[in-house]
Structure formats: C-alpha cells, structure tokens
Amino acid sequence: MSEQRVVITGMGIWSCLGTSLAEVEASLRAGRSGITVSQERKEMGFRSGLTGHVPMPDVKDRLNRRQRIGMAEQVYYAYEATEQALTQAGISREWLEANEAGIIFGNDSSALAVVDSVDIIRRKKDTTLLGSGAIFQGMNCTVTMNLSTILKLKGVNFTLSGACASGSHAIGMGYLLIKQGLQRMVICGGAQEVNSYAFGSFDGIGAFSTKEDDPAGASRPFDAQRDGLVPSGGAATLVIESLESARERGATILGEVTGYGFSSNGDHISDPNLDGQVRALNMALKMAGIGADAIGYVNAHATGTPVGDRIEAQALHAVFGQHRPWVSSTKSMTGHECWMAGASEVVYSMLMLHGGFIAPNANLHTPDDDSAKLNLARETVNARIDRFLSNSFGFGGTNSTLIVQRFKD
C-alpha cells in the first residue's frame, strides 16, 4: 500500500484567547493576552497567581447527566473544541456512528478529579460516596474515554501522555497511523485543566513568572528579562484524515501535515537539551522531504523560562542558520497551555496561514544573545505563509516537531 497524504479538514479551539476560531484569530492579530491573576491561588499559598483565564463551558443543553458525570474539567474544553472541529469538517454524529474514525488526545493529568476523590475518602471514610463518575474523571484518559463514547467512535482510541509535548505527539501519532493506511480519520488534540491543583507543583519549583503587577506582560518568551512561564490551558482539536477520505466526503481541505519529528534527550529530567531538539527538527524536515529554507514560520515552544528559551534559540539557529524564518511564541499571549499546547499552537499557526499574518512574540523588549540571532516577530506581520513548523518539548526530555503546509493538489 502506498503512503497516504494526511490533510486537515476541521479545527476547534477553547482557550484564554477566545472560545471560537474567529475570536482567537482576532486576539492573535491584536497581540491580545488572555492572562490574569487568580486571588484563589494566592490564598492557597502560590508564589505566583498568574494564570490564563479559560471560561468553563455549559454543555447541559447538549449532553445529558449520564454523559456529563464522568467528564473531568478538561473534557468540557475538549468537547467544545471537538464540536467546532467536526462542524467545520462537515462531520455529523450519524456519519461517525456509521464510519470508522479514531481519537488520540494529549493529556497528562486529571488532578482536580483525583484531589476531589481523595478529599471525600479522607473526610467521609466511605468510598461509596465518590459516585459512579469519579473513576472516569480521574483517569488520565478521561478525554478520549468520554469523547469516544459520546461521539460513538469506532477507530483508534487512546490518550497520549508526553508532558508539554502531549498535544503535538497526539497529532504526530494520528498522522503516522493515517500515513501508513491504518486509519482514514483521527480526531486529534490536546487538553489541559486550568484549576489550581494541576499547577501547585509547578509553582512549588519556582517555574512561574511572578510579574503579577502586569499580567498581560508577564509571559516574555525570548526576552532577556524573562522570569518564568505562565500556566494556562483549555483544549484544541484537529480533524485529520487521508486525502482519499477527504475527497470522498467532499470536504474542504485546510492544510496538509507533512512532517513529524521526535526524540528523547536521554539526559536531565527537566532541563532541555540542544542535541535532542536539533534531532527532532531535522527528523521532521527529512520526513517532509524539504530543506530548512522551505519553512516560512516557526511557532516556537519558548515558554519564557531562562534556560528553555535559550536552548531552543540555539537549536533553531543551528537548523535554520541564515534562512531565518519568522519566529514567534504564541505563549507570549496564551501562557503555557501545557498538555494542549502542541495542538493549540498548530491551530494558531493554521489561522495565521489562512489569515495571511504572523502573530507577534509579545512582550519582547530586549532579546538575549541567542534569541537575537532569530528573526523574531515583535509586532503582527502581514505575510503569506505556505509552510510552518511547530515545536513542543516536555519534561523527561520528550521533543516533538510538526510541519504543516498549505494544501496543493
């Protein structure tokens, strides 16, 4: 069997930048931040109360109690993003029930659900009071478990946990399955809970920015004065399928996934590694069959941590050198969306590709020496992008790079 081309036919987003593709595109164009300060976190003892503000969806008019009872916080976000993506792709519930479609989501925690269950056990000394939905909310696969049931999916069904590269790896794995002819369609994405319990340990190791006096300016990727990341979350969904499947359905093709690079640093559990990132970047370029000069835009992983941004800047310079594609980190506006970031940043970049612009690397005042070598977009740039690359890196030394291009027959 010949390798299949893999195309994107639907997108959905629920983030601190907006709860629709149109709202998010407007925020990206304006360089508008979704960061605020949570007083609850300060009262809980957090050193930083900074967080992305993500509204909780109300789905009671669409899902019954039995469907909702097993849904953790992040499933609500993922449900909304997935509904948007399926609508854009022209896929009905009836079609999903009659055909084979899979689902792979990146998710690496369900902290609130677990904490709630443990609190009840400790307080009441009676596990029967947890309720029938607790187990489904607390499992790491809560997103795929619930969505596959609600949507009656018949294809591949699993959750991918790869720290802050989870959403990117989920798209990459879906891409490989379709490319090899093992699936015709996979609903891919990433979801991240935003509650305080999910981020307490991050705050405890001093990972967060403390610029609470200026929430919108706190996330400062590549800036010399950056002092840490800002936590955020939500969900993003992509419908990817074989070109053959898309044509049979008469679907509008939004873009084509052409490369997926991955690697493990085999080094420190939390510190980034130049060699590992370079290997992932080069693998993606090789799989896409292109040179570094073919990339028009890089959506960088850059989270605003002192070491992380420096190593990524070195990796991008090592791979792209004098080609100098446009580079920005949308985390300057969204904060770090963690498990969902690799998926949401593909959606953000797709909006740029179709909208003819490059979102700014906001809050960049003075780049450090390594970052100064990159072609960083400080303001919104009106430019045509035909192909972009998106980086995602995570704890444990996991690296993921995706390449997506404008579709050509």
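The values are calculated or read from the model by the stated rules, or taken from the named source; none is laboratory data. Nothing here was measured: the structure is a model prediction, and the numbers come from that model. Backbone-built Cβ (ideal geometry, glycine too); neighbour counts: all protein chains shown.
Here are some notes:
- So Glu40, is it modelled with pLDDT of 95 or more, among the acidic types (Asp, Glu) and under 21 Å from Ala236 (Cα atoms): no
- Residues of segment 85-97 that are closer than 16 Å to Ile150 by Cβ and surrounded by fewer than 23 Cβ atoms within 10 Å (Cβ to Cβ): Leu86, Thr87, Ile91, Ser92, Arg93, Glu94, Trp95, Leu96, Glu97.
Residue-by-condition table, conditions (1) free of Cβ contacts under 8 Å to residues at least 24 places away in the same chain; (2) of a type in the set (A, V, I, L, M):
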| residue | (1), (2) |
| --- | --- |
| Gly259 | no, no |
| Ser263 | no, no |
| Ile269 | no, yes |
| Pro272 | no, no |
| Asp275 | yes, no |
| Ala280 | no, yes |
| Thr305 | no, no |
| Gln314 | no, no |
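- On the stretch given as segment 116-133, residues that are free of Cβ contacts under 8 Å to residues at least 60 places away in the same chain and either over 21 Å from Glu193 (Cα atoms) or not in a helix (DSSP H, G or I) (or both) total 9.
- Flag if Ala165 is in contact with a Leu (Cβ under 8 Å, 6 or more places away or on another chain), modelled with pLDDT of 95 or more and of a type in the set (Gly, Ala, Ser): no
- Residue in segment 1-18 that is hydrophobic (A, V, I, L, M, F, W, C), modelled with pLDDT under 95 and over 19 Å from the mean Cα position of the chain (by Cα) present: yes
- Number of positions in segment 294-347 that are among the hydroxyl-bearing types (Ser, Thr, Tyr) and over 23 Å from Asp203 (Cβ atoms): 2
- Only one entry of Asp267, Asp227 meets the criterion of being in contact with a Ser or Thr (Cβ under 9 Å, 6 or more places away or on another chain) and over 27 Å from Thr19 (Cα atoms), and that entry is Asp227.
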